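Working notes for the structure below.
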Amino acid sequence: MKVSEYTDYMCKVLFRSGLSSDEINFRIGRLKHAEHMPGSQISIISDTYYSLAHEIKALQFLNRFGEIRVADDSHHQAGCDYILNKRYQIECVCSTAGNADTNGLAKFCVYNTLGKLIDYGKKEISRLTSSLRDKKEFYQKHIAAGTMSANLPYIIFLGLGSLSQEMIINPEMNGIEFTGVLLGKGNPTITINSKTQEIIGQGYAFRPRIEKWNHQIIDSAIFCNPEYTGISGILFSSADLYEEYTNKNTWLFINPYAINKIIKKDFRDITYWAADKDMMYRAYRNGRRQ
């Protein structure tokens, strides 16, 4: 599909959204402008286009859960992108690949067939963590300004953006790779009985932080960080640009330490990750383990 064809599809989605004509025209104008902006290190499509499309697809996805109030971007309304059922404050963000030539990541990268730099390790966690940190700070600023509520749950809806072309997410594992950002999931581990040679346990190593190329430490267990207790949960999708968000490629990760709790039944028919009574973090759907 050509990007221009997808823009036409996104316009149709907006026309069916119930937004005002001013808001629809404003968003269409931004989308068409972004269509011609230069791409990133790993995509010919601009990060701005990914971000705008992500907001539109997120609206489609959230509509299944109830009433949505959409921010009036055409009049620069302050606050989050969406409010679901007058309770959940939802802000959208797409990760970006960044510029590996200028940010020092080149030595962790290889080149793909298009001659673009790809980082298959630390960059992905770094960019996802950076996006979440930005939206955590966004929330704190709006709380201070009184344009968002400190008493309602706050959810970040995170899309991969251009990273969807390179980051491998296994839908059958319900996005477990993302727990490497939230709870420090490291490499798989196996425990063997030294006497009987039997496998007595399997799991994952705990990796609460990693070191970047410039020796900066990246927090890879942000749900364990007290600074993030204002984030109630994160909707995360592995879908690429041309895919719709569905319950097969989009998951809700609930922060077990959040101040404002998410009511799980408000997000039926979606796989969600949550801590059980023993604080084991597991995937569920409609209350059943996946």
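Is it fair to say Tyr204 is modelled with pLDDT of 85 or more and at negative phi? Steps first, answer last, please.
Working: modelled with pLDDT of 85 or more: no; at negative phi: yes.
No, not satisfied.
Determine whether the range 274-284 contains at least one residue that is closer than 25 Å to Met167 by Cβ, assigned to a loop (DSSP other than H, G, I, E, B) and not basic (Lys, Arg).
Taking every residue of the range 274-284 in turn, none turns out to be closer than 25 Å to Met167 by Cβ, assigned to a loop (DSSP other than H, G, I, E, B) and not basic (Lys, Arg).
Among what's in the range 30-70 and is surrounded by 19 or more Cβ atoms within 10 Å (Cβ to Cβ), touching a strand residue (DSSP E or B) at 6+ places or on another chain (Cβ under 8 Å) and assigned to a loop (DSSP other than H, G, I, E, B), pick the residue that is modelled with the lowest pLDDT.
Going through the qualifying residues, I end up with Gln41.
Run down Ile155, Ile143 and say which single residue is within 29 Å of Asn249 (Cβ to Cβ) and at pLDDT 95 or above.
Values: Ile143 fails: within 29 Å of Asn249 (Cβ to Cβ).
Result of the check over Ile155, Ile143: Ile155.
Can you tell me which residue within the range 221-241, out of those that are assigned to a loop (DSSP other than H, G, I, E, B) and without any contact (Cβ under 8 Å) to a residue 40 or more places away in the chain, is least open to solvent (accessible area, probe 1.4 Å)?
First, the residues of the range 221-241 that are assigned to a loop (DSSP other than H, G, I, E, B): 221, 225, 229-232, 238-241.
With the extra rule that they be without any contact (Cβ under 8 Å) to a residue 40 or more places away in the chain, the set shrinks to 221, 225, 229.
On the way: Ala221: 5, Asn225: 35, Thr229: 35 Å².
The residue in question is Ala221.
What pairs come out if I take residues in the range 242-254 that are in a strand (DSSP E or B) and pair them with residues that are open to solvent by 50 Å² or more (accessible area, probe 1.4 Å) whose C-beta lies under 8 Å away, six or more apart or interchain?
Ile254/Lys264
The values are calculated or read from the model by the stated rules, or taken from the named source; none is laboratory data. For clarity, every value in this text was computed on a predicted model and none was experimentally measured. Please note: Cβ atoms are built from the backbone with ideal geometry, for glycine as well, and neighbour counts cover all protein chains shown. Ligands, DNA and RNA are excluded from the accessible area calculation, which covers all protein heavy atoms including side chains. Shrake-Rupley method; radii C 1.70, N 1.55, O 1.52, S 1.80 Å.
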